[in-house]
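This report refers to the structure that appears directly beneath it.
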Amino acid sequence: IACIEAQVQSTQPWLMGVANFLQHTTEDTTASLPRTKRIARTDGSARRKHPQQTPSARAPGGVMMAQPQAAKQTGGVTMPGAQPTQVELMQRLQQLHSQAQPLLQEIACIEAQVQSTQPWLMGVANFPQHITQDTTASPPIAKRIARTDGGGAVDVHVVTGQDLRYLISVDEARKALDEAQKRRVEGEDQDRSTEEGFVANLLVVDNLIQLCFGSEIGSKLVQAYIESTRRPVDYQEIARILSSFVRAAWADEHANFVLTTLIDNGDPVALQFIATALQGKAVECAQNKKGCRSLIKLIEEDRSGVDLTQIIAELEARGRVLISHPSGHLVIKEMLEYSEHQRTVSVVTSYLLENLHDFARHKHASQVIEKVLDKAAVLNPIDKWKIELALAVQAVELSKDRFGCHVILHILRDDTDFTMENVRRAEMDGGETRRALFRDSGILAACQEAGLGRAPTPEEDLPRDIIVDLLTTEMSIGALRAEKFAKDIVDV
């Protein structure tokens, strides 16, 4: 077949399109040659003439054929005698393809047997109709998925590119599962054979790990089942299996979506499997670009009765590092958003106050400052007062900074009903600590340097009011108008 196709290509290369894509050839030998145009040289050389065609070289159907040439060796096979016509070549191709049919059937039979022993090749063993007859594809690349519970690792075959044809379509799988559930609800599928056959294969550890880690479509198939099934025991079992591979799952480009889908499902038993597996690994997960998504989802589900005490404690203990981490700061913000405990806000505030002015100029940490200000206004007004007072000392300089300006804007646009009375009610020592902080903060010197008419006092002035006074002096307005990032602050 390869020899004949090469001859067809040599006599009529235009029919093949590109020589590297012989599989796309057509059996239509009646097509006429393309129109020709003469391209003149500009260097004075003689024009190249096309070889003359004789009437005898015209094949049936009007196709111009090149003159017969001597027999040539192609692909190790010599065609004897004069070169056959294109029609004869095509007839020979059809004959060879018909002879190959028994071999193709045997190949399909062997592939079906391979499927029963290597279900990863097909994605799900219950769908043999999606098998391909292409036996030239090599097995996918393998990667080892390590357990976090001390058990043995699982080798997963990564299905990419053309090998995706081995996998069942996720849309077809979702449709089959939905139809099976609909029939069961209507009493038409009491034995649930379709779904039970699928689940029996899905809940085998090696099969589940292969689907979750091996490809995007396999991951989506598991997600589809989690979202569509009404059997809690099934997605609880999926969560139990996946929790043994939780470190690999949160970092994997496919399995991390299965993890977040399980968490979104909100089943307390499934969530507890995942939460328990994350204990001792919460900080590592928070610092992972993909893993932080799973941790954020889990924190959002904190009210479902799942015990996250140890995970929150781990995050608080390493909060100093996480507040400026590209992924970790997102977890800290979410922890603050859903926290109902004063302790979490106070712990993060203490880390921020260690180096507040640098944190305010940081791309990620500045967002954490804004979140702390919002939560502290309700949970612990004293923390809000401390942060705003420390920021007021460098309010003008921060207003010129690319990220610091957003922190100052957040304070200026704060429309909550926050007063000194809120601060006094939260104090335990009658204001002694507040007055000492005010005296040692350097705010009085900053106000004097800015030329304010009067000195603020800790009893009457909120830090926000002091910031407004510092930014609205004639000298400050003039300096801020020349700054790119301070334009919005001047407008406010």
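A few comments on the model shown:
- For region 340-349, filtered to residues that are buried (at least 19 other Cβ atoms within 10 Å of the Cβ) and either among the polar types (S, T, N, Q) or over 21 Å from Val378 (Cβ atoms) (or both), the residue that is farthest from the chain's Cα centre (by Cα) is Thr349.
- Which numbered condition Gly430 misses (of (1) surrounded by fewer than 23 Cβ atoms within 10 Å (Cβ to Cβ); (2) touching a helix residue (DSSP H, G or I) at 6+ places or on another chain (Cβ under 6 Å)): (2)
- Restricting the first member to region 462-483 and to residues that are hydroxyl-bearing (Ser, Thr, Tyr), and the second to residues that are surrounded by fewer than 15 Cβ atoms within 10 Å (Cβ to Cβ), the beta-carbon pairs closer than 9 Å and six or more apart or on different chains are Thr473/Gly451.
- Filter pass, Leu391 being open to solvent by less than 40 Å² (accessible area, probe 1.4 Å) and more than 22 Å from Gln342 (Cα to Cα): no
- Annotation for region 350-361: at least one member residue is touching a residue at least 40 places away in the same chain (Cβ under 8 Å) and open to solvent by 30 Å² or more (accessible area, probe 1.4 Å).
- Subset tally (residues that are modelled with pLDDT of 90 or more and open to solvent by 60 Å² or more (accessible area, probe 1.4 Å)) for region 443-464: 3
- Region 244-279, residues that are assigned to a helix (DSSP H, G or I), open to solvent by 10 Å² or more (accessible area, probe 1.4 Å) and touching a residue at least 40 places away in the same chain (Cβ under 8 Å): Arg247, Ala248, Ala251, Ala277
The values are calculated or read from the model by the stated rules, or taken from the named source; none is laboratory data. The model shown is predicted, which means the values in this text are computed figures rather than measured ones. When we count neighbours, we look across all protein chains shown, and the Cβ atoms used for this are built from the backbone with ideal geometry, even at glycine. Keep in mind that these areas ignore ligands, DNA and RNA; they rest on the heavy atoms of the full protein, side chains included. Shrake-Rupley method; radii C 1.70, N 1.55, O 1.52, S 1.80 Å.
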